[in-house]
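To keep things clear, I will list the structure first and then write my remarks on it.
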């Protein structure tokens, strides 16, 4: 209804246009109509996310500062890029349970390249603000492993993450968050922890339906 009234106003304004700048003014008015329609469309999307029964499928790309721990001794940090696809289901409004898989190839100074994988169960809570923004917190618990120079190790993985999701367009969220996780990979008979401590800046998206 609001958009319809604005279109009528714009149409009447066009009828009054004259002179050499008529086409330019018409073009500007068309742009104004488009922007107004987009804003009205966005207003209809507010508070459309994080409802019971919805699915959220997407992924994240992260910049990671990773610090190795070998026999209880912390080594030099290394930086890597990670990608983690995920899927989740809202069992209640705001609360979702999902799964995520993370594959990473890392090269530490003085070591061969290491390929690792981590499988997570990911419960999360999204706070409704009755706007386009949804602050969230999530936990991660799962299983991790890696292979390097013919050696394979595996163990427990856990993490926590917090950030915000923005519903900028219908059925699509953009996500920005900070993640901390610990990956433990102890060889048989080890008394001290082996693994990595990771701090990640996460940027991602999700499609919900």
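The values are calculated or read from the model by the stated rules, or taken from the named source; none is laboratory data. Predicted, not measured: the structure shown is a model, and the values here were computed from it. Note: ideal-geometry Cβ built from the backbone for every residue, glycine included; neighbour counts use all protein chains shown.
Residue by residue, here is whether (1) surrounded by fewer than 14 Cβ atoms within 10 Å (Cβ to Cβ); (2) closer than 22 Å to residue 79 by Cα holds:
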| site | (1), (2) |
| --- | --- |
| 100 | no, yes |
| 120 | no, yes |
| 123 | no, no |
| 135 | no, no |
| 166 | no, no |
| 187 | yes, no |
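Okay, residues lined up against (1) in the same structural domain as residue 182 (by TED's automatic domain parsing); (2) closer than 14 Å to residue 86 by Cβ; (3) in contact with a helix residue (DSSP H, G or I) (Cβ under 9 Å, 6 or more places away or on another chain); (4) free of Cβ contacts under 8 Å to residues at least 40 places away in the same chain:
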position: 129; (1), (2), (3), (4): yes, no, no, yes
position: 133; (1), (2), (3), (4): yes, no, no, yes
position: 137; (1), (2), (3), (4): yes, no, no, yes
position: 140; (1), (2), (3), (4): yes, yes, no, no
position: 143; (1), (2), (3), (4): yes, no, no, yes
position: 151; (1), (2), (3), (4): yes, no, no, yes
position: 155; (1), (2), (3), (4): yes, no, no, no
position: 160; (1), (2), (3), (4): yes, no, no, yes
Q) Of the residues 37, 27, 60, 64, which single one is within 19 Å of the chain's Cα centre (by Cα) and modelled with pLDDT under 75? A) 64
(Q) Could you go through the range 82-102 and let me know if any residue there is modelled with pLDDT under 85 and assigned by TED's automatic domain parsing to the domain that holds residue 116. (A) yes
(Q) For the range 132-175, give me each residue that is out of contact with any strand residue (DSSP E or B) (no Cβ under 9 Å at 6 or more places or on another chain) and either over 28 Å from residue 116 (Cα atoms) or in a strand (DSSP E or B) (or both). (A) 151, 169, 170
